[in-house]
Structure formats: C-alpha cells, structure tokens
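Worksheet for the structure shown next.
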C-alpha cells in the first residue's frame, strides 16, 4: 500500500467568482492523490449501466446495480456499456450527487424512461425511474434491477500476528536499468511491481537483484517493544536458482533463500526491537527473487496466508420491510439492501457471466426464477423484475427504489425508513437536480447549443469507472468512454479541459492525477500517446485563478514532465538525434494520437520508427517550454526561464533546418541514419511528403515559423480542397495521394487538434478563421446530438455524421471549451501565448480588467486576437495599454474580438459598457 503521508486528497476544490477578483481555489490543493475526489457511490459500472459502490478500496471490489427498462414480454434495453444499447447519459451534477440516463424504448422520445440516481446520504441512493408515454396508445412496461458484486484483486491475504508489509509498498527503490520506460512506467505502475494472483494483494516486486546494487527500502512502524524479533520473508525464485538478500537499517541480517517455484517463507533473527519508526533495506547479493512481502514477528508468532474469500452468489436475507431484500456476499464486509415501491414483481437469480446474453435468451422465459448462462460459476445477478407496469396514453409514471449499504442493522433500518415513505427521495431529487451542469448562466444567444452541450457535460461527468490501478492504488478515473477502461494521458488532458467548463474542481482534480508527486519514480502518469495536454489545462485554469500556491505545487511536476519529453530527464530517450527533433516511439506507437495518420502508418510499415522524428512532439515541446518560462518568471525562477529559452531555440532550429519542405509547404517527418544523423524528409516512392496534413502544419502551435511559412500553411488551412472541409479540419490533406475517406483519422474530423489549431489561429491574429473553426464545430455537434442524442468520437467528412464511440468525452471535449469561450460571460480567451497576471471581473460580468504577460518569445509587431465574452446586452468598448489596438468588434452578442499588435511583454486590457468611464 502507498504511504498515506504522501497522499493529500484533492478534496473540496471550491471555485468562486467574486466581484473584483479572479476565480479562487481552495488552498487544500497541495498534493496529488491518484484517485478522484468523488463519492463511493457513482456511475462506475464497467459492464452494465447503473450505479456502483466502492465495496473494498484496498482490493478494488465494487457492487453494481444495473437498471434495465423494457416493454413487457417484448423488448428490454440491455444496459451494456460496451456497445450502443439505446440509453444516453442525460444529466449530471459535477459531484455526482445526481446523475441520470434516458432509456429510449421507442425512438424518438415516444416512450422512454429517465432513470435518476440521487444521493440521500453517504450510504444510500434513491433510484427514480420515470416512464413517459408520449404516444396515443396504452403501454405496458417493465423495470429490472440487477445486483452484482464484482470482486477485485485475486490472490492471498496476509493473516499474520505481526506487522506485515507488502513488497510493492516500498518507500524507495534502486533498480536502474538501461530501458526508456524505467522512469515512465505504463499506467503509473511502480517500478518492478507485477501482478501475481498467487501473491498477497495480487502484486509482487520482480527483477530486484539482476544487478548487485539493487535495493528496496521500507519505512515500518513498530508499535511496541519486541523481544527476540524475526523478519519473515515470503518469496519465490525463478530458473531453479536460490538467492541471498542482505537486510540493513532496523537490523543487519541475511536471508539465504533456497530455490523454489512456489511461494515459501524464509526467516532471519534480528534480536530485540524497541517501539519506533524504522527503515528496512533489502539488498539482493546473489540470485533474483520474486518478493511478496515481509512480516516483523515476535517469538511464538507465525506468518499465515489465506486466499481472498469470495462467492459471486450472495446470501439473500429476508427483510422485515415489504418489497425489499438484503444481500451479503462472502468476501465483502458490507451488506447491501434494496427496496422498491411496485407490488407486482418477481425476484430472480441469473447465474452466468454475461448478463446481456442471459437477458436476450430468457426474455420469453416467463416462469423460471433461476436462469442460467455461460460460465455460471463466474458471476451472479440478483434481479428484481417489476411487471407489468401499465401506462395510459400520454402519461407519466414514476417507480421508486433505494439501494443502501452498511452493517446489517444499518441496512435494515434504512430499508424500513425508505420503505415507510418511498417519496422521501423527492426532496433530494429536487435539491440535487438543481446542481446539474446545464449552462443556464450562458448568454442567451447560445441557447440553441444548450441541449447538445448539456448531453456532453453529462457524458463527461459520468464517463468514470472503478477500479483502475495507479501507483499502488485502486482508483476512480474519468475515461474517454467505457470501451476504454484505463488511464489515457492525452485523452485525460482534453477531458480536464472540458471539465473546466462544467466545474473547474473536476477539471483540476483530473489534471493532478497525471502530475506525479516527487516520490513517484514516473515522470508523469502515462498511458497511450504522450502529448502534454495537461500543460494546456493547467494554463487555462491559471488564467482563471492566478492562484500562486497552486502554481508552486504544479510547477516542479510540469517541469519534470517537460524535461522527460525533451530528453533531459534521466531515462528518457526522446532526444537521440543530431537534428534536435524529438520522438516518443519508445513509449507508444502513436506520436499525435492519430492512429492511422498517413506518415505514422507509413513509417511503421517501413519499420522506421527507431530513426524517424515526427513534427508534433517537437512542436508541443516548444509550446510547453514557453508555458514553463511564463510560470518560472512568475515564481522568480530566472535560471529555469533561461533554460526554457534554450529549449525553444534548440528545438526550433531543428524544425527549421531539417523539417521544412518548401516544395509541399509542410513540415515533414525527419529521417536519420543509424548514427542519428538526419538524412532527409520522409517521402513515399513518388517523392511526396508524407506529412501533408495537420501534423505538417503543427509548428503554428509552437509559434515558430517564418512569415513565408505562415503564408503557405494558412493556404493549406483555408483551402477547402486541402485541410478545410465543410465540417472542420481533416487530419490528412485532401489533395494528398494517400488521403482516404475510409480511415479512422484519415478522412475524418476530430476535435482535439482542431482545438490546438484554433488556439494557434488566435495567436496569429486570424480572427475570421478561428471563429470559423469554433462555430463550425459547435454547429456540427449540435446537429448530431440533437438528431441522435449521441456524443460521438469523430465525424465523417463525406456525410458530416458522427461515428466511433457513441458516449465519448475526452477528445470531443473541446466543444465545451468553444461553447464557454463564445457564450460564458466573464470569459477571456487567448491563444497559447497569453499568461494572465491579474484579472478582475465585476459581479454582473459587464466590466473586465486584466494584466497580461505574453512572454519573451512573441515578436514585436506580431498580430494576435483575444476573445472577451461579456454579459449580452450593453455595447462595449475596449482599452489596451502595452500593445497596439488594431480593432475590436462585437462579433456575437456579448462576444468581443480584440485584434492587436504586440509591442512588449506586458499588456493591460480593459472592457466596459460603452456609456460608462473606466
């Protein structure tokens, strides 16, 4: 387990907007905890939709309650989260006190059921299922509730009389390896830690001892004096060899470990030990052992181990409350209870692993109370089947139920309380529903987007699962969609950006789970494409808060992140070429998140990833260096700021010298020989630059280009026969020989890189094109969501229809950013160059004053654009000091486009109603 001293929960992050001040954050944002600050009950289901409870945070077990409305003896909506199944995230409060789904029984909203989950208290949730019949015919519907315990880690539990310490709970490690992932383990795993179902807690430390200077160090607390103490080590060896481990710190001793392929115990005496805090270091000197853990034992004590107990089928306990039952699972400490208010029901037992198959196969079994499916020993679902529920034409009907957890006595008391008054939850329903993210405070000129944006907010807030393993914890985590039930670095960065528009506390909470704490050996939390979107999320929140304490905590973590991606940190191999161009293919096959992007696919097909550098990694590294420079200057770290200047210079020189392709007007992938010397630009057999696409234009995001290059790149960006389409930017230039309408990214429109290009266009002063990007995306999103209720992953160029995963947050989250920038009063939007030093906004959001820093990298005379969204109504005027005001115009009701030319680093901005004085 993780030493809790190092974990301060990102709890109670309260964001406020006060007259005369920027947004503020709670000062308890001090340390990273890789878990989210969300309740134990939430939409964490990983198989079937409904609500889950964190049943065992150590082991990672969860209790699931799934909900399945249907037509009686006809169609049932199988609530799988693994494919499109006819239900939609509908509403959610940021803290998950309330969230709901719409189940479409008859499309479109002819017959449906809105299922809401409402917090009653820490251990109780109200389930409100409202059926709506909008047809002129009577309907007969059903409601099925399925209870299931999903057990977490397999393995053994230590049942020792002494102090047991898991091997993976080390405080420090020396395990140096010449491997690029040594300091960037996938999924934020601790170095050396591996899964093993035969180990205690299901994890071990493996590989220690391959070098003689390897060691593990632990901190142990001894709560009493121990006479004649022993350390008992649980281990096994591999390849038939024994091992030796020296013990130092608390005592000096040696373990002689006989060879064994099964876990065994070895003991060594350490003499008398006084109560206190000690460090124990284990240093292998011969052989390699797999370490499970150790116990400090007194005389007569033994170390014993037992398998985790678990039984999928619970003991169903009769309850004194009508229409209820209580479940007790062997292997879970708590009891769970369910009570409902419909008197016509049947309780059934589904024995099998795949509920969706069993529902389909048993839909016309109207007699049995026990139903069987595949792998009947692997899982079990206890069902309440409420039927028939009769509805008049054009009517509504609410079915109420409650799910509770606790001790047997607590559960019985709660069931009795709710069973006596099933409408108790209505007050909580009204109270918590009012917290839903529905954008009512936005300017009314954006009202046509509210429905589609509210669906995206609900999708983003409910795309969270439990458990995911991260640095020794079993954590709750926002995922791109429930098809991907893991960490995702660049997806999470965009999810954080989107969540900032819904509730900044949620965005910051997610952000900090990717910025690793100092004791973590990993440079940042990594899974998938290592694009540093977390920097841009942090910049957005800084520009809203100007919270110096948050900056001090985040800065060293972001610096470590940047240093790793630029090859300056220990173990990183991103900077291996003489060209100065960066590559991240040692960590993931995907450089820019664009799976089948043409040059990347071509390069991998030719097996050139070891000698080829894309453009996108270098461009992002230049941008993160510029952001860190502004942060360092704010903190007074001048030496660091000079270091980032050198980073920008070095990386920009590589782009200009080796990557620019004048013929195509794009930057290209740079190839190298086996010694790292650049040999040219990656081209196909016809000599065509393979990077004709968004990747080839990415230096605009870095802000490093010549005037001539800008002109060529803007031609590609504007041209409807190249990068621009009626629905936005396509990843691959349509005029390229390798463009395809069949690809995943090739021939599709995605939002993440559109967001970075949009920010770049603002930095470039390309107001018209920037607005075209944002409004095109908002309109595209509105049309699709209004039509299908789905929040899709990407859009097909030829039809403009959504495709891919249907409940997608993450990379589709920029729609929330565009909506906020254009329609949320009090929002100032810049490109990537701007750094807010001070911001003041009055209470009714009609007056704004800011002090801005544009850093040392912006050239004098360069044109740029800011967007200031104010309360719709009065006309506004703008004053600018420190820059040349070119023009300002109210391009949407309340939205001002402010064009200016840079003169120096510091700019003072003032916006006020036109009829008042500053």
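Our summary gives region 825-913 a relative contact order of 35 percent, counting only alpha carbon pairs under 8 angstrom and 6 or more residues apart. Taking a ≥ b ≥ c as the square roots of the eigenvalues of the alpha-carbon gyration tensor, region 357-408 is classed oblate because a/c is 1.5 or more while a/b is no larger than b/c.
Full extension of the chain segment joining residue 378 with residue 107 gains 94.1 nm, where the gain is 0.36 nm per residue of separation less the Cα-Cα distance.
Which entry is the computed Cα Rg over 2.2 N^0.38 Å for this structure: (1) 1.11; (2) 1.05; (3) 1.00? So the structure-derived entry is (3). Between residue 901 and residue 441, the distance separating the two model label sites (each 7 Å from Cα on the Cα→Cβ line) works out to 3.9 nm. With both labels modelled 7 Å from their Cα along Cα-to-Cβ, the residue 244 to residue 843 distance reads 7.8 nm. Peptide packing: for 718-731, 674-687, the average count of neighbouring Cβ atoms within 10 Å per residue gives the ranking 718-731, 674-687, highest mean first.
Remark: the residue 801-residue 684 segment gains 39.0 nm on full extension, using 0.36 nm per residue and subtracting the alpha carbon distance. The alpha carbon centroids of region 770-836 and region 398-477 are separated by 25 Å.
Output the relative contact order of the chain, whole-number percent, from Cα pairs under 8 angstrom with separation of 6+ residues. Normalised by residue count, the contact order of the chain is 12 percent. If the label point is 7 Å along Cα→Cβ of residue 741, which residues in region 791-811 have backbone nitrogen under 11 Å from it? 797-800, by backbone N distance to the label point. The length gained by stretching the chain between residue 286 and residue 787 to full extension, at 0.36 nm per residue less their Cα-Cα distance, is 173.7 nm. Take the Cα of residue 330, go 7 Å toward its beta carbon, and the backbone nitrogen atoms of region 380-423 under 18 Å from that spot belong to 380-382.
Residues of region 170-199 with amide nitrogen under 17 Å from the 7 Å Cα-to-Cβ point of residue 217? Answer for region 170-199: 170-176, 191. What FRET efficiency would be calculated for the residue pair residue 656, residue 320, taking the C-beta separation as r and a Förster radius of 60 Å, to the nearest 0.05? Computed FRET efficiency for residue 656 and residue 320 comes out at 0.15. Between residue 252 and residue 595, the modelled labels are 5.9 nm apart [label points 7 Å from Cα along Cα→Cβ]. Shown is the FRET efficiency for residue 298 and residue 277, computed with R0 = 22 Å from the Cβ-Cβ distance and rounded to the nearest 0.05: 0.75.
What shape does region 566-607 take by its C-alpha gyration tensor, where a ≥ b ≥ c are the square roots of the eigenvalues and a/c under 1.5 counts as rounded, a/b above b/c as prolate, and the rest as oblate? Here region 566-607 falls in the prolate category.
Each reported figure results from applying straightforward, stated rules to the coordinates on display, with no laboratory input. Here the structure is a predicted model, which is why all the values come from computation and not from measurement. Here Cβ is always computed from backbone atoms with ideal geometry, including for glycine, and neighbour counts include all displayed protein chains.
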